[in-house]
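The values are calculated or read from the model by the stated rules, or taken from the named source; none is laboratory data. Source: prediction; values computed, not measured. Note that we place each Cβ from the backbone using ideal geometry, even for glycine, and neighbour counts take in every protein chain shown.
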Amino acid sequence: MMERDLPEGLSADRLPEHVAFIMDGNGRWAKKRVMNRVKGHEKGAGAVRQVVETCTKFGIPYLTLYAFSTENWQRPKKEVDALMGLLTRFLRNERKKLVKNGVRLTAIGEIDRLPEEVRHELDLTMEETRSNARLTLCLALSYGSRSEMVAMVQKIAEGVKEGRIDAASVDEEMVSQHLFTREIPDPDLVIRTSGEMRLSNFLLWQSAYSEIFFTDTLWPDFTESEFASILKDYQGRERRFGKVLQP
Ligand code: IPE
Ligand code: IPE
Ligand code: MG
């Protein structure tokens, strides 16, 4: 039995197995305070620590965080460098705590596009946390659903060309198995902060039946109590998956 520490009003049996966050609004958080955007990203790292802790506390076994999109490479070099530096430091500083708290780190995205320093810290952290089982924390880095799907089509096409895959046997399960997310379940709940109501190229295949929640809160201001109230909202939703539920 997993140990859980749940707030009032949240029931243990209908918690999502996988929550995915589009962590948005760092720049606006900084702008409101007449600060550099990078300050917003730094503050956002605190909110990351918080949601990771909350998931372990509530007993949610999978958490995906959209940290950097394929489109984010088009931001000014200064900002991209700062984000990569922040990520490097985050992994270095959090590693021990992740190991201790039973968190297993994984990553999805075009990892080879990341700077050597980031890849090094990622590899070390993934290696040191690989046998952890309490929470799988998946970082989406240089991630984009469309590039993920292009890579999937290329891999399957290659298999067909080489005679390993019969074109007629391509099905949804095979497609899922050729995505970066092959080892993690589809998200039950996708949360986007900062008031933007779009998916911005995030888990398009995987979120086909996810519940979606948008909040105006800017990412650096996101708290455990707001997370708990979103989970309560989630527990009140009826997931029908296209069926008619019998009374
Ligand atoms: C989200 O915050 C972090 C990343 C996309 C890396 P933004 O940097 O997009 O913040 P806003 O949307 O400009 O406020
Ligand atoms: C989405 O946020 C990507 C991440 C949170 C990493 P963006 O700020 O990049 O998305 P848009 O530009 O508002 O769609
Ligand atoms: Mg944004």
Practice item. Determine whether segment 223-233 contains at least one residue that is surrounded by 14 or more Cβ atoms within 10 Å (Cβ to Cβ) and closer than 30 Å to Val175 by Cα. Key: yes
Check your understanding: Out of all the residues in segment 139-158, which are surrounded by 21 or more Cβ atoms within 10 Å (Cβ to Cβ) and assigned to a helix (DSSP H, G or I)?
Key -> Ser145, Glu148
Study note, to complete from the structure: The correct count of residues that are crowded, with 17+ Cβ neighbours inside 10 Å and within 13 Å of ligand 2 (Cβ to nearest atom) in segment 46-83 is 11
Point to revise | Scope segment 223-237; condition among the small types (Gly, Ala, Ser) and over 14 Å from Glu211 (Cα atoms); matching residues | key: Ser225, Ala228, Ser229
Review point. Are there any pairs with C-beta distances below 7 angstrom linking a residue in segment 68-84 that is closer than 15 Å to Ser145 by Cβ and in a strand (DSSP E or B) to a residue that is at pLDDT 95 or above and near ligand 1 (Cβ under 9 Å from one of its atoms), with the two at least 6 apart or on different chains, and if so which?
Key: Phe68/Leu83; Ser69/Ser200
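Being closer than 30 Å to Arg28 by Cβ, more than 16 Å from ligand 3 (Cβ to nearest atom), in a loop (DSSP other than H, G, I, E, B) and of a type in the set (Phe, Trp, Tyr) is true for just one of Phe227, Phe213, Phe180. Which residue is that? Walk me through how you get there before you give the answer.
Details: Phe227 fails: in a loop (DSSP other than H, G, I, E, B); Phe213 fails: in a loop (DSSP other than H, G, I, E, B).
Just a single option satisfies the conditions, and that option is Phe180.
Could you pull out the residue among Thr56, Thr70 that is modelled with pLDDT of 95 or more, away from ligand 3 (no atom under 16 Å from the Cβ) and not aliphatic (A, V, I, L, M)?
Details: Thr70 fails: away from ligand 3 (no atom under 16 Å from the Cβ).
Only one candidate passes the filter, namely Thr56.
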Review point. What is the one condition in (1) under 30 Å from Arg237 (Cα atoms); (2) without any contact (Cβ under 8 Å) to a residue 60 or more places away in the chain; (3) of a type outside the set (A, V, I, L, M, F, W, C) that Ser194 does not satisfy?
Key: (2)
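How many residues, within segment 85-113, are among the small types (Gly, Ala, Ser) and in a helix (DSSP H, G or I)?
At the first step, the residues of segment 85-113 found to be among the small types (Gly, Ala, Ser) are 85, 102, 107, 109.
Filter once more, keeping what is in a helix (DSSP H, G or I): 85.
Here the count works out to 1.
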Exercise for review: Would you check if there is a residue in segment 222-234 being within 16 Å of ligand 1 (Cβ to nearest atom) and over 19 Å from Thr64 (Cα atoms)?
Suggested key: no
**Study point:** Subset of segment 8-36 that is part of a loop (DSSP other than H, G, I, E, B) and either of a type in the set (Ser, Thr, Tyr) or at pLDDT below 95 (or both) - its residue that is surrounded by the fewest Cβ atoms within 10 Å (Cβ to Cβ)
**Key:** Glu8
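Give the residues of segment 20-42 that are polar (S, T, N, Q) and more than 11 Å from ligand 2 (Cβ to nearest atom), sorted by residue number.
Of segment 20-42, the ones polar (S, T, N, Q) are 26, 36.
Scanning segment 20-42 gives a single hit, Asn36.
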Exercise for review: With respect to Ser131, determine if the residue is small (Gly, Ala, Ser), under 23 Å from Val51 (Cβ atoms), surrounded by fewer than 12 Cβ atoms within 10 Å (Cβ to Cβ) and more than 16 Å from ligand 3 (Cβ to nearest atom).
Suggested key: yes
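From the list Lys78, Lys96, Lys39, pick out the single residue that is within 16 Å of ligand 3 (Cβ to nearest atom) and more than 18 Å from the chain's Cα centre (by Cα).
Numbers: Lys78 fails: within 16 Å of ligand 3 (Cβ to nearest atom); Lys96 fails: within 16 Å of ligand 3 (Cβ to nearest atom).
Just one listed residue meets the conditions, Lys39.
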